[in-house]
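Data first, discussion second: the structure below is written as structure tokens.
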């Protein structure tokens, strides 16, 4: 495990949470609860030494790739990219506004650091597999990470890609499932029971790692483990809480796709600290 | 297919064969060309590329959605993916992937739909692509190509490879007559005028180009001189060629496709906005076909030289209405 100051990382995670609340409330819409559940994962990737990347050179051919397949979680990605220096932090305040490169779902042609245009669920893992195969063809050593939602795993394409990635033995591909247990209209259990998740991925010949997705130590350890597996893709099933860190969002899944009003946002910022 | 036989056109290869062979040549020239297959390589003829360049060939199984997404990822890394399946499966099964993983980010993916149209014959409607051109035209930034014969297919596949941006190319299953007996020049987005004529213009693509040539011969026997255009590129449409064709005062389009959203619609839009003249449309109409021999199907569903002749006469008769 790399030398990482855990306290600094936890502070960074808090900063990302604050950005998520601030920008979605300013925008008046968005999916803050879906972004909050993935904060530790993107914090580990961008600030925990997992991704080899260069914010001053977003198209560096040897960079590691992070593809946000659950595109609606993009406030977390935008916050991480801004904090990493891909673009000025002030841009976050123009989320979802006309002419802003921070669209409602990620647009790779609009914003530096965004690797794929996503938002139609189920497609990111296939795109990530394409990147992983390109690395093999070009003899490059970069790794590819794709973050999926648990509800997104309803999509058949996810399993087409899972089957193909194992078949092509792409050891440079890691999927993370943000298993926050809720999708738009209810729990994954009641809407479409995707469980048991890790067993499904293992049955598709993936190396499976199951963690608490809010414990940065576990998240970092999981990425380290995935990076030691070279002959098959790895999946990290991260158990998370939808709306993590903001009590009203944690308590009520019907906040999916809704921003907090200013008064609740103010309370949320206090709670996050 | 026996289209064009009575005017002396000789039978050539299937356009899918010409595609497969051209792809091997492209593979030699450009190491960035990769090929993705949905387990139909011996039908789409990408098996030739697979044999020549196995390390650049990926059979992803019967999974078109994933196929298109992987192509988007490869193209994001500078590869030039040619992806091939039956036209109906590629366009209909993976349309959202073509939208989000290729068209919206404007990635350099070349989509080849084989077994286009009803000329596949006996396998029937589930394998027939009658809506692929409409769907491809509905993807912003896509170029849409429907080659008429082996010469056109080989040349347009090569043109697609150097074109920057997404392209859809429809190729067919049966052996088809050679329209370009002496070769031809092919530029993406530029129609080829195969016959001059002053009375009516026949604008066709794919197999219907041979039918249009046959129709022009039949019309000539009745003293009617038809201009024949091979509109191999439906999008971007060669509007200048349409404007020139409209100088005849009447236009007939002919395509192996639904009447909705294909060549006829594209030409009609240009005609309506730039050069209004009477138009008639030869197409499959608004229906699926059925199993049968290709020739029987073309006869039953009205994709014949005779149908074009009738349409031409209607269009000419309507000249006075405008």
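Here are the numbers:
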{"quantity": "Matching residues in the stretch A:209-221 - criterion: being in contact with a strand residue (DSSP E or B) (Cβ under 7 Å, 6 or more places away or on another chain) and in contact (Cβ under 8 Å) with a residue 40 or more places away in the chain", "calculated": "A:213, A:219"}
{"quantity": "Residue tally, condition more than 14 Å from chain A (Cβ to nearest Cβ) and at negative phi, over the stretch B:41-81", "calculated": "11"}
{"quantity": "Answer from B:35, B:24 - the residue that is within 14 Å of chain A (Cβ to nearest Cβ) and farther than 30 Å from residue B:214 by Cβ", "calculated": "B:35"}
{"quantity": "Entirely in the stretch B:146-264, the helices (runs of 4 or more DSSP H) that have 1 or more residues that are within 20 Å of residue B:110 (Cβ to Cβ)", "calculated": "B:150-162"}
{"quantity": "Selection from the stretch A:83-120 of residues that are under 15 Å from the mean Cα position of the chain (by Cα), at negative phi and surrounded by 22 or more Cβ atoms within 10 Å (Cβ to Cβ)", "calculated": "A:106, A:114, A:115, A:116, A:117, A:118"}
{"quantity": "Verdict on residue A:36 being touching a strand residue (DSSP E or B) at 6+ places or on another chain (Cβ under 9 Å) and buried (at least 24 other Cβ atoms within 10 Å of the Cβ)", "calculated": "no"}
{"quantity": "Which numbered condition residue B:119 fails, given (1) in a loop (DSSP other than H, G, I, E, B); (2) within 30 Å of residue B:278 (Cβ to Cβ); (3) without any contact (Cβ under 8 Å) to a residue 24 or more places away in the chain", "calculated": "(3)"}
{"quantity": "Residue satisfying condition, being within 20 Å of residue B:119 (Cβ to Cβ) and buried (at least 18 other Cβ atoms within 10 Å of the Cβ), within set B:23, B:9", "calculated": "B:9"}
{"quantity": "Criterion violated by residue B:311 - all others in (1) surrounded by 14 or more Cβ atoms within 10 Å (Cβ to Cβ); (2) assigned to a loop (DSSP other than H, G, I, E, B) satisfied", "calculated": "(2)"}
{"quantity": "Meets criteria (modelled with pLDDT of 95 or more, in contact with a strand residue (DSSP E or B) (Cβ under 9 Å, 6 or more places away or on another chain), buried (at least 23 other Cβ atoms within 10 Å of the Cβ) and not in a loop (DSSP other than H, G, I, E, B)) for residue A:78", "calculated": "no"}
{"quantity": "Single residue of B:179, B:171 found to be closer than 17 Å to residue B:6 by Cβ and modelled with pLDDT of 95 or more", "calculated": "B:179"}
{"quantity": "In the stretch A:104-122, the residues that are away from chain B (no Cβ under 11 Å) and under 19 Å from residue A:84 (Cα atoms)", "calculated": "A:111, A:112, A:113"}
{"quantity": "Whichever residue in the stretch A:137-157 is in a helix (DSSP H, G or I) and within 9 Å of another protein chain (Cβ to nearest Cβ) and, among such residues, is surrounded by the fewest Cβ atoms within 10 Å (Cβ to Cβ)", "calculated": "A:156"}
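Conditions tested, residue by residue: (1) touching a residue at least 24 places away in the same chain (Cβ under 8 Å); (2) buried (at least 21 other Cβ atoms within 10 Å of the Cβ); (3) closer than 23 Å to residue B:239 by Cβ.
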residue	(1), (2), (3)
B:140	yes, no, yes
B:144	yes, yes, yes
B:181	yes, no, no
B:184	yes, no, yes
B:193	yes, no, yes
B:196	yes, no, yes
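The values are calculated or read from the model by the stated rules, or taken from the named source; none is laboratory data. Fair warning: this is a prediction, and the values are worked out from it, not measured in the lab. Virtual Cβ from ideal backbone geometry, glycine too; neighbours counted across all protein chains shown.
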